[in-house]
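S.K.: Here it is: the structure, laid out below.
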Amino acid sequence: MAKSPCPISKTHFIEKSEPIKLVINGQELVADKKEFSTGSFGWFFNGKISVAVDGKPLSVQVGLNLTVVGSKDAER
């Protein structure tokens, strides 16, 4: 399968991207922009939220990467 080219450079992404608001189970979270150790870039969230099951609150760990497709090979 052919790779998809990234239409933005890493520098442009870092300068212009904004945090992304996410809602999981009614709770608003904010994923911040990040350059990953692989060289790709995108957004990242890591934290805990509460989810109720049968009326009992459970603490749930969330780890979320939103990686821009093709960003590993994007212009710097």
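Just so it is clear, none of the values below were taken in a lab; they were calculated from the coordinates. These figures come from a predicted structure and were not determined experimentally. Every residue, glycine among them, receives a Cβ derived from its backbone with ideal geometry; neighbour counts consider all protein chains shown.
S.K.: Restricting things to alpha carbons, find the Rg to Rh ratio for the chain using the Kirkwood radius for Rh. Can you show the working numbers first?
M.R.: On the way: Rg = 15.7 Å, Rh = 14.1 Å.
For the chain, the value is 1.11.
S.K.: Count the lysine pairs in region 1-48 whose Cα atoms sit under 13 Å apart, keeping only pairs 8 or more residues apart in sequence or on different chains. Write down the numbers at each step before the final one.
M.R.: Values: Lys10/Lys33; Lys10/Lys34; Lys16/Lys33; Lys16/Lys34; Lys21/Lys33.
Lysine pairs meeting both conditions in region 1-48 amount to 5.
S.K.: Connecting C-alpha atoms closer than 10 Å in a GNM of the chain, tell me which of Lys16, Lys34, Lys56 has the biggest fluctuation.
M.R.: Lys56
S.K.: GluC sites (Glu not before Pro) within the chain: which are DSSP loop residues with at most 13 other Cβ atoms inside 10 Å?
M.R.: Details: sites: Glu15, Glu28, Glu35, Glu75; in loops: Glu75.
Answer by residue number: Glu75.
S.K.: Now, a different point. Rounded to the nearest 500 deg cm²/dmol, what is the calculated helix-only ellipticity per residue at 222 nm for the chain, with -39500 (n - 2.57) per DSSP H run of length n ≥ 4? Present the calculation step by step, with values, prior to reporting the outcome.
M.R.: Details: 1 runs with 7 residues, N = 76.
One gets -2500 deg cm²/dmol as the mean residue ellipticity at 222 nm.
S.K.: Once you put a point 7 Å from the Cα of Glu18 and another 7 Å from the Cα of Leu66, both along the Cβ direction, what distance in nm separates them?
M.R.: Placing both labels 7 Å beyond Cα along the Cβ direction yields 1.2 nm.
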